[in-house]
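Everything below concerns the one structure shown next.
The values are calculated or read from the model by the stated rules, or taken from the named source; none is laboratory data. Every value quoted in this text rests on a predicted model; they were computed, and no experiment measured them. Cβ placement follows ideal geometry from the backbone for every residue including glycine, while neighbour counts extend to all protein chains displayed. SASA here: full protein model, heavy atoms, side chains in, ligands and nucleic acids out. Shrake-Rupley method; radii C 1.70, N 1.55, O 1.52, S 1.80 Å.
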Amino acid sequence: MCAARPAVNTALFDWTGPLGLPDFTAFSDADFGPAFDMALASDLQDIEAIISHPEAPTVENTLKQLQLSGQALDRISSIFWMRAGAHTNDQIQAMEREIAPKMARHSSSIMMNPKLFARIDSLYEQRDLLGLDPETDRVLAETWKGFVRSGARLDEQGKARLADINERLAGLGARFGQNVLKDEAEWALFLESEDELAGLPDFVRDAMRGASEERGRPDAWAVTLSRSIIEPFLSFSENRTLREKAFRAWAARGENGGETDNVAIVAEMVALRTEKARLLGYGSFAAYKLDNTMAKTPKAVMDLLEPVWERAKARAGEEQAELQRLIAAEGRNHQVEPWDWRYYAEKLRNEKFSFDEAELKPYLQLEKIIDACFDVATRLFGVTFKERSGVPLWHPDVRVWQVFNPDGTERGVFLGDYFNRQSKRSGAWMSALRSQHRLDGEQKPIIYNVMNFAKPPKGEPALLSLDGARTLFHEFGHALHGLLSDVTWPAVSGTSVARDFVELPSQLYEHWLTTPAILEQFAIHYRTGQPMPKALLDKVIAAQTFNAGFNTVEFTASALVDMAFHAGDAPTSDPIAFEAEALKRLAMPEAIIMRHRTPHFTHVFSGDGYSAGYYSYMWSEVLDADAFKAFEETGDVFNAELAAKLKKHIYAAGGSRDPEDLYKAFRGRMPSPEAMIEKRGL
């Protein structure tokens with residue numbers, strides 16, 4: 001007798017929770033496997049219905065049905081991948097290693113289906129005769145291009161090999177991310193004496209105590225590899241030996257030998273990506289990835305990065321000389337090492353601007369900065385937010401807000417998951433449980449942000465660094481891109497845009513954080529309730545480009561090494577040696593390392609998202625610096641007329657038009673890099 005097939009829990013795709021959310025109490029981790037099997041089969045049935053349609057292909061019977069296919073799979077996937085990043089466990093990770101390659105194989109079977117592509121190709125060839133509106137025309141063109149870029153025109157042997165590559169890459173990417181998470185979760189440096197804590201402000205000690213308690217050591221203080229702890233520890237700890245120990249562990253994530261080592265994974269991924277690009281007719285993987293971006297070519301990327309790199313190195317050299325002066329003033333004779341930079345930079349900031357992060361942080365309460373994010377959105381776009389309590393979500397820390405249009409109608413739902421925990425991967429991100437579209441009725445967006453701020457002791461407010469506050473604004477800018485989306489087709493909803501355009505709404509939003517109107521209202525001392533003094537506010541604004549050389553070298557080195565891995569025609573068998581050689585050619589300052597070293601560069605190797613694409617942050621920065629300058633030129637950073645154009649052409653338009661056309665519709669022209677270089681203080 002055959003074993004009975006496990007029952008499928010429909011709660012994973014039939015969402016009956018409050019506010020249109022899934023009911024997170026109605027399913028368990030064990031339910032994902034059977035539900036995925038059902039949803040994958042259902043998706044293939046949807047595809048079969050399209051290709052067996054007896055009538056000639058039309059937008060209605062082919063393109064629309066393709067867009068609406070696999071809805072159960074979309075819903076299950078959105079919950080699962082949220083859990084895999086924000087709140088994982090051994091069972092979820094085992095499922096991730098199984099489902100990632102299975103999903104890649106499934107996608108290949110659809111995108112390489114000759115009968116399905118024939119219908120899309122037929123529509124594409126006659127698109128000029130169909131009288132399509134601009135959005136539908138773009139969706140059709142991008143859909144056709146997506147099939148071609150996925151191997152629809154390859155012969156059977158090529159299709160089979162590409163499907164194998166995609167499946168393998170998906171499995172490797174899942175393992176890469178899990179290895180980094182494990183290295184981060186398992187390493188901790190427990191401190192027990194006042195000597196070891198010397199120099200650390202209360203906010204750092206509180207975060208370390210909380211991390212130690214989470215790890216079963218309530219009697220100690222734990223340095224962890226979470227950025228919200230390791231960076232302030234490196235900035236304030238007077239113990240150079242401990243700084244070095246913590247820094248070396250942070251820099252070595254994914255490169256420690258054993259089962260979590262990512263070096264061999266990177267080598268295989270780079271080789272497979274190169275092979276994939278060649279199969280599809282491109283000279284390199286970078287050429288393949290960039291063909292579908294604003295930059296278009298590796299040369300355009302390098303033309304942006306290389307001049308910035310030279311300026312950044314020069315500025316970093318000046319900064320290093322200043323730090324060396326501070327070291328000598330202490331009677332020490334060692335060179336500036338990577339574990340020294342943040343510590344002496346904090347001292348230098350205090351010397352130059354008479355404030356440091358410890359003085360600033362009491363004014364940056366998480367609650368107030370969330371309120372500031374919402375206030376800017378209300379001022380610019382008229383949307384408002386109302387928090388709802390008692391809604392069960394994936395973790396007790398997660399919060400939910402209803403979002404309303406200016407006329408009081410519901411716009412969507414926003415969720416925030418703000419605190420670091422061992423079950424959450426590092427970094428910060430935005431994603432969607434459900435994206436906006438109108439293809440089969442009005443589907444309202446459900447958007448979430450994930451952060452990794454240190455959780456404060458019970459009863460105490462969470463205090464952010466200025467970088468942390470910027471990160472909150474950045475990710476909320478992405479969230480608004482999803483929440484304000486106003487398109488018909490799912491394929492172009494929200495953040496479904498070119499990779500080097502997607503960072504424009506997020507990076508642009510950061511600018512409003514440090515406007516006087518926002519800091520005066522929301523930078524409130526958590527103990528006294530007093531607003532930030534104007535003298536300190538002025539110092540914060542004056543110091544915005546402090547340490548610009550270091551920050552730009554860190555970032556640009558990562559972007560250049562990403563391009564080196566993917567723009568060449570010969571993959572490497574030794575990624576660490578390749579990284580070192582690439583940095584040597586760039587004359588990388590020895591006192592600075594890449595912001596993301598290769599073995600833990602999850603942007604690039606945990607999936608395909610920013611591979612040959614880490615430059616995108618700087619490409620978008622050229623746009624965001626110019627866009628905010630448009631507001632400054634009016635004399636009102638909340639100029640209503642300009643905000644309306646920004647909403648219409650940037651935040652609401654998604655990928656409904658070419659990104660260059662969208663930017664020109666907002667600004668009237670494309671920018672030069674000068675505003676970005678000026679913003680960075682270079």
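Observations, loosely collected:
- Hull shadow area, averaged, region 395-479 [alpha-carbon convex hull, nm²]: 7.2 nm²
- Folded to 0 to 90 degrees: helix 575-585 orientation relative to the chain principal axis, Cα: 60 degrees
- Förster-model FRET efficiency, 35 Å R0, LYS648 and PHE353, C-beta, rounded to 0.05: 0.35
- Of the trypsin sites (Lys or Arg not before Pro) found in region 574-682, those in coil by DSSP whose Cβ has at most 11 other Cβ atoms within 10 Å are ARG669.
- Stretch in the chain that is longest and holds no GluC sites (Glu not before Pro) that DSSP places in a loop and that have at most 11 other beta carbons within 10 Å: 443-682
- Per-residue HN-Hα couplings for region 138-152 [Karplus 6.51, -1.76, 1.60; θ = phi - 60°; Hz; x = Gly/Pro]: 5, 4, 5, 5, 5, 5, 4, 5, x, 5, 5, 5, 9, x, 4
- Subtracting the Cα-Cα distance of GLU387 and GLU410 from their residue separation scaled by 0.36 nm leaves 7.0 nm.
- Efficiency of FRET between ASN61 and ARG205 - r from beta-carbon atoms, R0 41 angstrom, step 0.05: 0.05
- In order through region 461-472: 3J(HN,Hα) via Karplus (6.51 cos²θ - 1.76 cosθ + 1.60), integer Hz, x for Gly, Pro: x, 6, 10, 9, 6, 5, 4, x, 5, 4, 4, 4
- Region 353-396-region 217-234 distance, computed between alpha-carbon centres (Å): 24 Å
- For region 251-390, projected area of the alpha-carbon convex hull averaged over all directions, nm²: 16.9 nm²
- Rg and Dmax, both from the Cα atoms of region 534-680 and both in Å, are 18.8, 56.
- For ARG388, nonlocal amide neighbours, meaning residues 5 or more places apart or on other chains whose placed amide H falls under 5 Å from its own, are VAL400, TRP401, GLN402.
- Exceeding the 26 Å Cα-Cα cut-off - candidates LYS115/LYS276; LYS386/LYS664; LYS368/LYS534; LYS145/LYS424: LYS386/LYS664; LYS145/LYS424
- Take the convex hull of the alpha carbons in the chain; its mean projected area over all directions comes to 31.5 nm².
- Between ARG278 and THR241, the distance separating the two model label sites (each 7 Å from Cα on the Cα→Cβ line) works out to 5.2 nm.
- Under 5 Å between amide hydrogens, built in the peptide plane, is the criterion, and for HIS525 it picks out GLN530, MET532 among residues at least 5 positions away or on other chains.
- Inverse mean reciprocal Cα-Cα distance (Kirkwood Rh) of region 614-653, Å: 10.9 Å
- Sulfur and carbon atoms: percent of accessible area, region 97-141 [1.4 Å]: 51 percent
- Residues within the reach of a label modelled at ARG669 (point 7 angstrom out along Cα to beta-carbon, backbone nitrogen below 12 Å), restricted to region 490-517: there are none.
- Helix 71-86 and the longest principal axis of the Cα set of the chain meet at an angle near 20°.
- Counting DSSP beta bridges with both ends in the chain, the antiparallel % (nearest 5): 75 percent
- Proximal charge balance of PHE381 [Cβ under 12 Å; K/R count +1, D/E count -1]: +3
- Rg and Dmax of region 5-54, both derived from C-alpha coordinates alone, stand at 13.7, 43 Å.
- Label zone of SER52 (point 7 Å out along Cα→Cβ, amide N under 18 Å): in region 89-130 this covers 110, 113-119.
- Under Karplus coefficients 6.51, -1.76 and 1.60, residue-wise ³J(HN,Hα) of region 534-545 in Hz, glycine/proline x: 4, 4, 6, 4, 4, 5, 4, 5, 5, 8, 4, 9
- Once both labels are positioned 7 Å from their Cα atoms along Cα-to-Cβ, the gap between THR10 and GLU186 label points is 4.3 nm.
- A straight chain from SER573 to ALA94 at 0.36 nm per residue would run longer than the Cα-Cα distance by 169.7 nm.
- Stretchable slack from ARG153 to GLN530, in nm (0.36 nm times residue separation minus alpha-carbon distance): 129.2 nm
- Distribution of pairwise C-alpha distances over region 172-221, 5 Å bins, in %: 4, 19, 23, 18, 13, 10, 7, 4, 1
- Taking all protein chains into account, the per residue accessible area for the chain stands at 40 Å² (1.4 Å probe).
- log10 of Debye I(q)/I(0), alpha-carbon scatterers only, for region 468-583 at 0.10 Å⁻¹: -0.54
- Over every Cα atom in region 39-198, the radius of gyration and the widest Cα-Cα span, Dmax, amount to 21.5, 79 Å.
- As a fraction of the 1.4 Å probe accessible area of region 598-675, surface on carbon and sulfur atoms comes out at 48 percent.
- Built amide H within the under 5 Å cut-off of ASN262, gap 5+: GLU255, ASN256
- More than 16 angstrom apart: percent of Cα pairs within region 86-159: 60 percent
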